[in-house]
1. Enumerate the calculated ³J(HN,Hα) couplings along the range 104-111 in order (Karplus 6.51 cos²θ - 1.76 cosθ + 1.60, θ = phi - 60°), each rounded to whole Hz, writing x wherever the residue is Gly or Pro.
2. The range 40-109: which trypsin sites (Lys or Arg not before Pro) are DSSP loop and have at most 16 other beta-carbon atoms within 10 angstrom?
3. Just to be sure I understand the model, the point goes 7 Å from the Cα along the line to the Cβ. What's the resulting Tyr108 to Ala134 distance in nm?
4. Name the shape class, rounded, prolate or oblate, that the alpha-carbon gyration tensor gives for the range 70-184, where a ≥ b ≥ c are the square roots of its eigenvalues, rounded holds for a/c under 1.5, and otherwise prolate holds if a/b is larger than b/c and oblate otherwise.
5. Considering amide H positions built from the backbone, and no H for Pro or chain starts, which residues 5 or more places from Leu214, or on another chain, come under 5 Å of its amide H?
6. Place +1 on the Cβ of every Lys and Arg and -1 on the Cβ of every Asp and Glu in the range 90-158, take the dipole about the Cα centre, and give the residue among Val116, Ala154, Ala131 whose Cα lies farthest towards its positive end.
7. Which order do Leu23, Leu90 take by accessible area at a 1.4 Å probe, largest first?
8. Of Phe238, Phe127, which has the most accessible area with a 1.4 Å probe, and how do the rest follow in descending order?
Amino acid sequence: MNPTPLLEVHDIYAGYQVDLDILRGVSLDVQSGEIVCVIGPNGAGKSTVFKALYGFVPVREGSVLFGGQDITNIRPQEALKAGITIVPQLRSVFPQMTVRENLELGMYLEPNQTRVNERIRYIFELFPRLAERAKQNAGTMSGGEQRMLEIGRALMWEPQLMLMDEPSAGLAPLITKNIFESVRRLNEEIGLTVLMIEQNARQGLEISHRGYVLELGQNSYAGTGRELLANPEVRRAFLGG
Ligand SMILES: Nc1ncnc2c1ncn2[C@@H]1O[C@H](COP(=O)(O)OP(=O)(O)O)[C@@H](O)[C@H]1O
Ligand SMILES: [Mg+2]
């Protein structure tokens, strides 16, 4: 039997307006040490799942458990304290601040500067490219480097779970490959648990242990990354044949 999942989402209903549910019964779980990918067409509600988990959108029904604790409708800062960190879909680095300053912001809740410096050293070991650019303004870096910085920043606060909304958004295919490779490496080397939302279904599933397909705010398919990649209906609908 599987151990208790790190994250459990039970049949949630959520939306932006009181009378309009965008998510109408979404369930998923993530085991510690897994990469799990949610795929689905544009407008399916993938980003809404991400926002509902982090308290940006109210959950009206159903529940979210993290480490067995009920965290339904948790506030973003509480989610961070609980060990959940996010890499949002839209660019979120502060362009006029240096790479190092952006990393420090990832740990703004930490009063101990020595601890912050230790974490920055650690992130620089994981991503030597960021170390080379420590003093450079983040806005002058390439899209892929900025995405790497966002991942580095998300790792500052030693998260138990990293939520990523379309890490490949706006990146060229080769850069996307690098970013996915970094996620896979972090999972293998430091056991980072990741819940990723991806429009880029094939590449997302290729690095994922398991995946879920979301359509019209509901679950449609679920399986291991391999099963979904091999499923004829999923292939036809989401993987281009
Ligand atoms: N801020 C918002 N206010 C109202 N409706 C929204 C908002 N953001 C997204 N939606 C709607 O929610 C639905 C799902 O959107 P989203 O979760 O962003 O889909 P996906 O990420 O799968 O492309 C869409 O119909 C979209 O128009
Ligand atoms: Mg989205």
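1. With coefficients 6.51, -1.76 and 1.60, one gets 4, 5, x, 10, 4, 7, 8, x Hz.
2. On the way: sites: Lys46, Lys51, Arg60, Lys81, Arg91, Arg100; in loops: Arg91.
Answer in residue order: Arg91.
3. It works out to 2.3 nm between the two label points.
4. oblate
5. Excluding prolines and chain starts, which carry no amide H, the hits are Ile39, Gly40, Ser220.
6. It is Ala131, whose Cα lies furthest towards the positive end.
7. Values: Leu23 0, Leu90 135 Å².
Largest accessible area first, the residues go Leu90, Leu23.
8. Heavy-atom accessible area, descending, gives Phe238, Phe127.
The values are calculated or read from the model by the stated rules, or taken from the named source; none is laboratory data. Because the structure is predicted, anything quoted here is derived from the model rather than measured. Don't worry about glycine lacking a Cβ; one is built from the backbone with ideal geometry, like all the others, and counts go over all protein chains shown. What goes into the accessible areas is simple: the full protein's heavy atoms, side chains included, and nothing from ligands, DNA or RNA. Shrake-Rupley method; radii C 1.70, N 1.55, O 1.52, S 1.80 Å.
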